[in-house]
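A.B. asks: Encoded as structure tokens, here's the structure I'll be asking about.
Quick note: the coordinates plus some simple rules give every number you see, no bench work behind them. Here the structure is a predicted model, which means the values were calculated and not measured. Using ideal geometry, Cβ is built from the backbone for each residue, glycine included, and neighbour counts are taken over all protein chains shown.
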Amino acid sequence: MEVADGAASFSVRHDPSRTLIVRAGGYVVRDIGTRFAVVSAGGRISVAVAQGSVSVAPQTADGSAPTTLVAGQRIDIDPAAGIAERRAVAPTSVADWTDGRLDYDGAPLPLVVADISRYARTPLVVDPSAAGLRFSGVLTIGDGSRLLDQLRAVLPLRLRRADGVVHIERSSQR
């Protein structure tokens, strides 16, 4: 299975003779029986585990060992920047978008915006001035049109529209 651009949630019955393989953004996620979610958006990949464990590795063998994630862990990968950040996640928040919300605890703004971009009508770009910001909280998806407004209510952000793209910049106010 491949997640080219979007999100998918999986609940796999344990069967050692069968391995589910998910490809997303140049990475391979292997599972034998668990509940997990994979998001591929804006060139970034996120894998979160609610139950069991998965292994995550680049599709092309680069000599590195796969990363194993267990329940309550998430890895956010930005292949272009060569960054992979592992962090704790509440198992109940895995695939929270299926319940109409996006739940974060200290998530980097580029990751949050990559998630929001799945619901946006125009492309979103995080300006380097705002890339270091982190967000904790719950965003209500609705029709997706108010997600950036929800972020701006708690983070020092301003939006600049140019050439059909929304640029998300750090505001000097707050």
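A.B. asks: In whole angstrom, how far apart do the alpha carbon centroids of region 9-62 and region 86-156 sit?
C.D. replies: 21 Å
A.B. asks: Let me ask something else. Tell me, what is the percent relative contact order of region 7-150, built from C-alpha pairs under 8 Å that lie six or more residues apart?
C.D. replies: For region 7-150, the relative contact order is 17 percent.
A.B. asks: Still on this structure, I have one more. Report, in deg cm²/dmol and to the nearest 500, the calculated mean residue ellipticity at 222 nm for the chain, where each DSSP H run with n ≥ 4 adds -39500 (n - 2.57) and the sum is divided by the residue count.
C.D. replies: Only helices count here, giving -2000 deg cm²/dmol.
A.B. asks: So, one more: I want the local charge near THR92. Using Cβ-Cβ distances under 15 Å, sum +1 for each Lys or Arg and -1 for each Asp or Glu among the other residues.
C.D. replies: Once all neighbours under 15 Å are counted, the net charge is -1.
A.B. asks: Here's another thing I want to ask about it. Check each of the trypsin sites (Lys or Arg not before Pro) in region 1-70 and keep only those in coil by DSSP with at most 14 other C-beta atoms within 10 angstrom; list them in order.
C.D. replies: The qualifying sites are ARG13, ARG18.
A.B. asks: All other residues with a Cβ under 12 Å from the Cβ of ILE75 taken together, and with Lys, Arg as +1 and Asp, Glu as -1, what is their net charge?
C.D. replies: Counting the neighbours of ILE75, the net charge comes to +1.
A.B. asks: What does the charge add up to near VAL22, with Lys and Arg as +1, Asp and Glu as -1, over the other residues with Cβ less than 12 Å from its Cβ?
C.D. replies: 0
A.B. asks: Which of the peptides 88-98, 153-163 is most tightly packed, and how do the rest follow, judged by the mean count of other Cβ atoms within 10 Å per residue?
C.D. replies: Result, highest mean Cβ count within 10 Å first: 88-98, 153-163.
A.B. asks: Right, here's the next one. Quick one: what do you get for the chain if you divide its Cα Rg by 2.2 N^0.38 Å?
C.D. replies: 1.05
A.B. asks: Work out how much length SER11 to GLU169 would gain on full extension: take 0.36 nm times their residue separation and subtract the Cα-Cα distance, in nm to one decimal.
C.D. replies: 53.1 nm
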